[in-house]
Amino acid sequence: MRILGIESAGKVASVALVEDGVVLCDFTINGKYTHSKTIMPMLEALKTIMDVDLSTIDGVAVSSGPGSYTGLRIGASTAKALAQVWQVPIVGISTLESMANNIGETDKLICPMLDARRQHAFCAAYKYESGKLINVLPIDLRSVEDFINDLKGLDREMLFFGDGWLNHQGLVAQFAPSDKVVEARAIDALPKASSLALLGEVKFKAGLTESYLDHQPNYYRVTQAERELQDK
């Protein structure tokens, strides 16, 4: 099975090709570039360098949220367009689940965080159980204090990463026991299309797919336009 992965939920832009559990190619850019100007050229580069006909893929895995509204929309629209042209299904993968999948098996709580400003973050917690990654604290928009308090009840060392961690380290240190806080390696900290595509392959085999007509990103909060409409 051959899966194309597209990651554009935040600052990172990444595309990858995975086949039968093996990462064939992974391009990742971590910079202040507009995804609408990077994703398609990266796909073209993947196609050229790998000398592969991308129409032979079995499906598209795309980061479905949380993340920036613009980034998620770009990823979703790209995935939907490709899936329509190639007549293949889509699987949406949570950005945080994909980030957690970067981390190899560990006895620590895996705690990806995406910054949501105002001392809040999109966050979740995962652990390994019998070799499988298990979600033990669901994805949600939380205050950093609430997140740490929830993690304390799980009584393990906490492995933090993501821009939510980078921007709120002081708050984490304020609320979490210092002997329980561990920072993930920089190489594991970024969202990666390869991690996303590997998860996508598992979900494809389990039949957890959508058509290009049905797929929508999950913002995990109302958009600015929706808030303004509610205010009116």
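The values are calculated or read from the model by the stated rules, or taken from the named source; none is laboratory data. Predicted model only: the values in this text are computed from it and were never measured. Here the Cβ is made from the backbone with ideal geometry for all residues, glycine too, and neighbour counts use every protein chain on show.
Quick one: residue 64 ticks every box in (1) part of a loop (DSSP other than H, G, I, E, B); (2) closer than 16 Å to residue 200 by Cβ except a single one, so which number is it?
With respect to (1) part of a loop (DSSP other than H, G, I, E, B); (2) closer than 16 Å to residue 200 by Cβ, residue 64 is out only on (1).
Out of everything in region 184-207 that is outside any helix (DSSP H, G or I) and touching a strand residue (DSSP E or B) at 6+ places or on another chain (Cβ under 6 Å), what residue ends up being surrounded by the most Cβ atoms within 10 Å (Cβ to Cβ)?
Step one: of region 184-207, the residues outside any helix (DSSP H, G or I) are 184-185, 190-192, 206-207.
When the remaining residues are screened for being touching a strand residue (DSSP E or B) at 6+ places or on another chain (Cβ under 6 Å), the result is 184, 190-192.
Values: 184: 20, 190: 20, 191: 27, 192: 24.
Only one residue fits best here, namely 191.
Restricting to region 138-171, count the residues that are in contact with a Leu (Cβ under 7 Å, 6 or more places away or on another chain), in a strand (DSSP E or B) and of a type outside the set (Val, Ile, Thr).
Residues meeting the conditions: 2.
Out of region 70-80, which residues are aliphatic (A, V, I, L, M) and either within 11 Å of the chain's Cα centre (by Cα) or surrounded by fewer than 20 Cβ atoms within 10 Å (Cβ to Cβ) (or both)? Before the answer, list the steps.
First pass over region 70-80, keeping only residues aliphatic (A, V, I, L, M): 72, 74, 76, 79.
Of everything in region 70-80, just one residue is aliphatic (A, V, I, L, M) and either within 11 Å of the chain's Cα centre (by Cα) or surrounded by fewer than 20 Cβ atoms within 10 Å (Cβ to Cβ) (or both), namely 72.
Please work out if residue 5 is assigned to a strand (DSSP E or B) and under 14 Å from the mean Cα position of the chain (by Cα). Show your work before the answer.
Values: assigned to a strand (DSSP E or B): yes; under 14 Å from the mean Cα position of the chain (by Cα): yes.
So residue 5 fits the description; yes.
Need the failing condition index for residue 44 against (1) surrounded by fewer than 17 Cβ atoms within 10 Å (Cβ to Cβ); (2) acidic (Asp, Glu); (3) under 23 Å from residue 209 (Cβ atoms), just the number.
Condition not satisfied by residue 44: (3).
The rows are residues; the columns are (1) within 18 Å of the chain's Cα centre (by Cα); (2) modelled with pLDDT of 95 or more; (3) aromatic (Phe, Trp, Tyr); (4) more than 17 Å from residue 4 (Cα to Cα).
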{"residue": "24", "(1), (2), (3), (4)": "no, yes, no, no"}
{"residue": "55", "(1), (2), (3), (4)": "no, no, no, no"}
{"residue": "68", "(1), (2), (3), (4)": "yes, no, no, yes"}
{"residue": "82", "(1), (2), (3), (4)": "no, yes, no, no"}
{"residue": "85", "(1), (2), (3), (4)": "no, yes, no, no"}
{"residue": "92", "(1), (2), (3), (4)": "yes, yes, no, no"}
{"residue": "98", "(1), (2), (3), (4)": "yes, yes, no, no"}
{"residue": "101", "(1), (2), (3), (4)": "yes, yes, no, no"}
{"residue": "114", "(1), (2), (3), (4)": "yes, yes, no, yes"}
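Which residues, counting only those in region 137-171, are surrounded by fewer than 24 Cβ atoms within 10 Å (Cβ to Cβ) and more than 18 Å from residue 100 (Cα to Cα)?
Once the filter is applied, which keeps residues that are surrounded by fewer than 24 Cβ atoms within 10 Å (Cβ to Cβ) and more than 18 Å from residue 100 (Cα to Cα), region 137-171 yields 143, 145, 146, 149, 152, 153, 155, 167, 169, 170, 171.
Need pairs with beta-carbon distance below 7 Å; first residue surrounded by fewer than 20 Cβ atoms within 10 Å (Cβ to Cβ) and in a strand (DSSP E or B) and within region 16-37, second basic (Lys, Arg) and at pLDDT below 95; sequence gap 6+ or separate chains.
Short answer, once both residue conditions are applied: 30/11.
So in region 101-136, with the set limited to residues that are without any contact (Cβ under 8 Å) to a residue 24 or more places away in the chain and more than 19 Å from residue 195 (Cα to Cα), which one is surrounded by the fewest Cβ atoms within 10 Å (Cβ to Cβ)?
Looking at residues that are without any contact (Cβ under 8 Å) to a residue 24 or more places away in the chain and more than 19 Å from residue 195 (Cα to Cα), I get 130.
What number goes with the only condition from (1) in contact (Cβ under 8 Å) with a residue 60 or more places away in the chain; (2) under 30 Å from residue 20 (Cα atoms) that residue 185 does not pass?
(1)
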